[in-house]
1. Can you tell me the FRET efficiency between R267 and S449 if r is taken as the Cβ-Cβ distance and R0 is 60 Å, rounded to the nearest 0.05?
2. Roll a 1.4 angstrom probe over the protein heavy atoms and tell me the percent of accessible area of the range 332-468 that is carbon or sulfur.
3. Between Q342 and T156, what length comes free when the chain is fully extended (0.36 nm per residue of separation minus the Cα-Cα distance, one decimal in nm)?
4. Arrange the peptides 179-189, 214-224 so that the one whose residues have, on average, the most other Cβ atoms within 10 Å appears first.
5. Taking only protein heavy atoms into account and a 1.4 Å probe, give the accessible area per residue of the range 66-208 in Å².
6. Using a simple spin-label model with points 7 Å from Cα along the Cα→Cβ vector, what separation in nm is obtained for S171 and R215?
7. Convert each backbone phi in the range 138-152 into a coupling constant with the Karplus relation 6.51 cos²θ - 1.76 cosθ + 1.60 (shift: θ = phi - 60°), then list the ³J(HN,Hα) values in order as whole Hz, x for Gly and Pro.
8. With the dipole of the range 360-468 worked out from charges on the C-beta (+1 for Lys and Arg, -1 for Asp and Glu) around the Cα centre, which of V438, L386, G423 lies farthest toward the positive end?
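The values are calculated or read from the model by the stated rules, or taken from the named source; none is laboratory data. This structure is a prediction, so every number in the text was calculated from the model and none was measured. Using ideal geometry, Cβ is built from the backbone for each residue, glycine included, and neighbour counts are taken over all protein chains shown. Surface accessibility is based on the protein's heavy atoms, side chains included, excluding ligands, DNA and RNA. Shrake-Rupley method; radii C 1.70, N 1.55, O 1.52, S 1.80 Å.
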Amino acid sequence: MRRPGGPHPLIVAGALVCAVALAGVATEAGAGAWIEQRTGTAPAVSAVTDADARTALEAPLPADHAVALSAVSGGTVPTPASLASALAAVPLDGLQGGIAGTVTDPATGTVLYDKGAGQPVMPASSMKLLTATAALDLLGPDHVFTTRAVLAGPGTVVLVGGGDPYLSSGSVAAAHPERASLDDLAASTAAALTSAGTTTVALRWDASLFDGPDRHPDWPAGYADQVTPVTALMTDEGRTSGVSPGPRTTTPSADAAKAFAGALTARGITVTGTAALGGTLPAGAEELARVQSMPLSTIVEDLLTSSDNDAAEAIAHQVGLAAGAGGSFQGGAAAVEQVLRQRGLWDDGAVLRDGSGLSRNNRVTPRMLAGTLALGSSDTRFRSLLTGLPVAGATGTLASRFARSGSEAGRGEVRAKTGTLSGTSALAGYAVTASGGVVTYAFVVNDASNDDSARAWLDRASAAVAGS
């Protein structure tokens with residue numbers, strides 16, 4: 001091993017997963033030509049490798065939260081001159097477009113490389129780092145979202161959405177990590193109803209926690225296979241074939257209620273009909289049962305690894321609610337900006353429009369992106385910003401990346417959040433350098449002449465940082 005002080009536990013996980021991938025294990029499908037891709041299923045080995053990686057990631061950080069990644073790595077970071085030389089040598093291979101980026105020593109805050117670090121650029125899905133940062137700040141890593149069944153009156157049950165982005169319609173006994181399930185909620189609800197002598201009910205649903213439009217006005221119709229209409233009550237992320245990109249329901253709340261009604265029926269409760277709740281729940285409505293989501297930290301890890309648009313938008317709406325700005329696209333954007341300003345992570349010219357980065361009107365700076373990662377290295381409240389990053393050449397949206405000539409050095413040494421829209425590509429994460437230090441970085445290419453060339457440059461640039 002090249003790291004003189006021994007690998008940081010975060011890098012142990014990355015190297016572990018990468019070693020399995022390099023041994024010839026099947027990996028996820030790569031990103032598509034113009035927009036972030038997500039398969040709905042993981043490779044056959046993922047349940048094993050991800051569990052092993054998660055075990056390594058559970059190693060505690062030092063008690064002093066101010067100690068950053070590079071301070072505990074036992075190595076040193078490259079000099080600005082050597083880093084500039086290494087990045088200048090990365091071939092463009094005909095790539096034209098605006099390249100902006102920054103590399104920082106998270107232990108000291110020293111900027112090691114700056115090429116338009118404060119320049120507002122279109123972030124694509126790297127935007128999810130900012131959304132997740134705000135959520136962890138306002139809600140905390142242990143926060144959970146609750147889905148409830150309540151008795152609104154004699155014979156009327158209301159399914160109340162709590163904005164859980166990963167609520168499942170069926171059994172989740174074999175899922176890792178285990179998600180909240182409408183099947184479990186129905187079992188408890190049916191038991192409570194039967195105990196009270198009620199066997200016939202009308203079912204209503206309440207998704208009023210979120211407000212405003214369920215699709216962002218910036219999103220074209222072509223995004224219909226990338227994100228489900230945003231609602232506080234949705235199961236299986238509204239994916240009718242279980243994968244993304246893929247077909248989506250246009251009535252996620254009604255579908256959730258239908259699934260819940262079916263689960264109640266299977267347990268001996270007759271459901272006479274389902275409909276949206278008109279008005280608000282009556283005061284004093286009795287709760288029959290509830291299920292709770294995974295902790296927010298786990299949700300953040302999953303949405304970053306797979307670049308999950310549905311989860312990111314739900315979390316952005318939750319951020320708006322937590323800040324008192326409203327559970328809407330506008331409220332979420334305002335609340336994320338508020339948190340970033342308070343954390344000193346806001347740059348003039350930045351514009352936030354949605355939580356996922358699908359809007360082409362988002363503008364953030366590489367310095368803002370890298371700043372969230374430095375925050376993740378210095379405060380355990382934000383640790384899932386790092387543990388959720390895909391491992392180069394091994395997991396998530398980086399599973400099929402870093403295979404080109406000149407990028408191999410980044411495999412297992414780089415973890416980064418991807419961003420891909422037509423003409424825009426981004427990588428923001430951290431890397432272990434040749435001397436064993438750890439640096440955070442963000443590179444964004446806008447107006448790229450060729451998307452494939454842009455991703456190739458990003459992979460090679462990240463590998464150059466790791467090899468410097």
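1. Once the sixth-power term is evaluated, E becomes 0.55.
2. 41
3. Roughly 62.5 nm would be gained on extension.
4. 179-189, 214-224
5. Result: 37 Å² of accessible area for each residue.
6. In this crude spin-label approximation the distance works out to 3.6 nm.
7. Result, rounded to whole Hz: 7, 9, x, x, 8, 5, 10, 10, 10, 9, 10, 10, 10, 9, 8.
8. L386
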